[in-house]
Amino acid sequence: MLLITGGAGFIGANFILDSIVQTGEAVVNLDKLTYAGNPRNLEALRGDTRHLLVHGDINDRALVRRLLTDHQPRAVVHFAAESHVDRSIHGPAEFVQTNVVGTFSLLEETRGWWGGLSESARRDFRFLHVSTDEVYGSLGPNDAAFCESTPYAPNSPYSASKASSDHLVRAYQHTYGLPTLTTNCSNNYGPFQFPEKLIPLIIHNALAGKPLPVYGDGTNVRDWLYVGDHCTAIREVLRKGRVGETYNVGGGSEMKNIDVVTTVCHLLDEARPRSSGSYTSLITFVEDRPGHDRRYAIDASKIHSELGWVPRQSFQMGLAKTVDWYLDHPDWVQDVVTGAYRSWVSQNYLGRSAA
Ligand code: NAD
Ligand code: TYD
């Protein structure tokens, strides 16, 4: 079986739902159920004995030890993190606590348990750390895309905490021989993404007739990957990745933020037309994010040539599916836009002047 951390969040839940369907392998899912963790994401598995949700913190070392000893996983797949850059700007402490100290705790407990396994079980075990392209910093318009040997240059408290965890994972392989793998992926989108991130926030605000906040001049570039393609990449790395290696994962789909927002608006114009005209009229340029990285781009040639992985979903198709998913799941959205969500929105957007 697999021990997954953070499997009630956006990517982790998609990974568990896909994996159980595709492989049937059982999963123990350790999740703190922060604002971003939602057991409802796994509703399709209710009553399925192959999924066990354990409400707990990766920093709870006794709990992690017990889960490893009781379930003897063949791999740990580590998604748990604080994941939103804007929140890391307002409150970095939690990012250090979960992303850095939490990853350290998980590595320490895994190392201790793994050290007691038979030689062949030790050899076959994997610790897969799910990380981000943001650790590489920011690119200029004509710079080559990030590859696995691009030097780390994180710019936000979020990316610095993820970079730190990547270094710890690397060190545990190098020093103790723990069989680790790391993936550094670009921006994901798809079902179950919490509406604080750009795409679901825009869909949610548009449907509510609220302004669509675009930071700065809207020309910052991200490389977008459909979450299902990310999950496939993680499964391939787990299956065939070389121990100690890192793999960049990307969609080959660089877009300016303003173009992403406009495309969402046009999809909504088709699916849910407004009597007052296009949703694009709600687009509002607002004060930029401090330290806002200009451009991310991924060179995914290593995972392609070594493991045969390529993204299957085009951005247009993936985005259309995503918009449809949010239109079809108003209850899910209503459930997560709680009072705490509204206070976050006030904190992040109310004080922002127009750009
Ligand atoms: P998310 O914020 O949607 O989910 C994070 C999950 O981790 C939640 O379920 C939360 O409850 C859980 N969690 C947080 N702190 C925890 C703790 N201390 N102990 C146990 N569980 C805890 O994040 P996501 O977008 O699904 O991202 C998952 C991973 O993928 C993260 O490591 C992130 O850095 C990485 N990543 C995300 C993206 C992206 O575009 N979303 C891209 C590349 C990499
Ligand atoms: P986000 O989804 O927060 O991901 P990340 O910062 O990890 O790339 O943001 C994606 C891009 O969209 C990023 O350049 C910031 C921008 N953005 C906005 O313009 N407005 C918003 O309200 C948000 C949340 C993001």
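The values are calculated or read from the model by the stated rules, or taken from the named source; none is laboratory data. Note that the structure is a prediction, hence the values are computed from the model and not measured. Glycine gets a Cβ as well: all are built from the backbone with ideal geometry, and neighbour counts include every protein chain shown. Remember, those area values only see protein heavy atoms, side chains included, never the ligands or the DNA or RNA. Shrake-Rupley method; radii C 1.70, N 1.55, O 1.52, S 1.80 Å.
Data for the structure
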{"read-out": "Cα Rg, Dmax (largest Cα-Cα span) when computed across the stretch 274-341, Å", "value": "18.2, 51"}
{"read-out": "For the stretch 1-95, projected area of the alpha-carbon convex hull averaged over all directions, nm²", "value": "6.1"}
{"read-out": "Evaluated at q = 0.26, 0.27, 0.33 Å⁻¹: base-10 log I(q)/I(0), Debye formula over Cα of the stretch 76-122", "value": "-0.91, -0.95, -1.13"}
{"read-out": "Helix axis angle, 315-328 relative to the chain longest principal axis, alpha carbon, degrees", "value": "80"}
{"read-out": "For the stretch 72-186, alpha-carbon Rg over 2.2 N^0.38 Å", "value": "1.14"}
{"read-out": "Cα centre as origin, Lys/Arg/Asp/Glu Cβ charges: the chain dipole, Debye", "value": "400"}
{"read-out": "Debye equation applied to the C-alpha atoms of the stretch 234-355, log10 I(q)/I(0) at 0.16, 0.22 Å⁻¹", "value": "-1.12, -1.28"}
{"read-out": "Calculated FRET efficiency for the pair Lys240/Ser343, C-beta based, R₀ 45 Å, to 0.05", "value": "0.50"}
{"read-out": "Pairs of Cα atoms farther than 11 Å apart, the stretch 60-102, %", "value": "71"}
{"read-out": "Ellipsoid semi-axes in whole angstrom, largest first, where each is sqrt(5λ) of the Cα gyration tensor of the stretch 196-235", "value": "26, 15, 6"}
{"read-out": "Degrees, to the nearest 10: 157-176 long Cα axis against longest axis of the chain", "value": "20"}
{"read-out": "Average accessible area per residue (Å²) across the stretch 33-134 - probe 1.4 Å, nucleic acids and ligands excluded", "value": "44"}
{"read-out": "Residue-span extension gain [Ser120 to Arg65] - 0.36 nm each, minus C-alpha spacing", "value": "17.7 nm"}
{"read-out": "Around Pro154: net Lys/Arg minus Asp/Glu count, Cβ-Cβ under 9 Å", "value": "0"}
{"read-out": "Sorted peptide list for 2-13, 320-331, 292-303, criterion being average Cβ within 10 angstrom, highest first", "value": "2-13, 292-303, 320-331"}
{"read-out": "The stretch 235-282: radius of gyration over Cα atoms, expressed as a fraction of 2.2 N^0.38 Å", "value": "1.98"}
{"read-out": "Share of pairwise Cα separations in the stretch 145-219, more than 18 Å, in percent", "value": "61"}
{"read-out": "For the stretch 139-266, fraction of C-alpha pairs farther apart than 20 Å, in %", "value": "55"}
{"read-out": "With every protein chain in place, the chain: carbon and sulfur % of accessible area (1.4 Å)", "value": "52"}
{"read-out": "Approximate spin-label separation His266-Gln97, in nm, with each point projected 7 Å along Cα-to-Cβ", "value": "4.4"}
{"read-out": "The chain: Rg to Rh, with Rh as the Kirkwood radius over Cα pairs", "value": "0.96"}
{"read-out": "From the C-alpha gyration tensor of the stretch 212-295, square roots of 5λ in Å", "value": "33, 18, 8"}
{"read-out": "Nearest 10 degrees, 0 to 90: helix 61-71 Cα axis against the chain principal axis", "value": "70"}
{"read-out": "Dimensions (Å) - the stretch 166-206, Cα atoms, principal axes, largest first", "value": "50, 15, 14"}
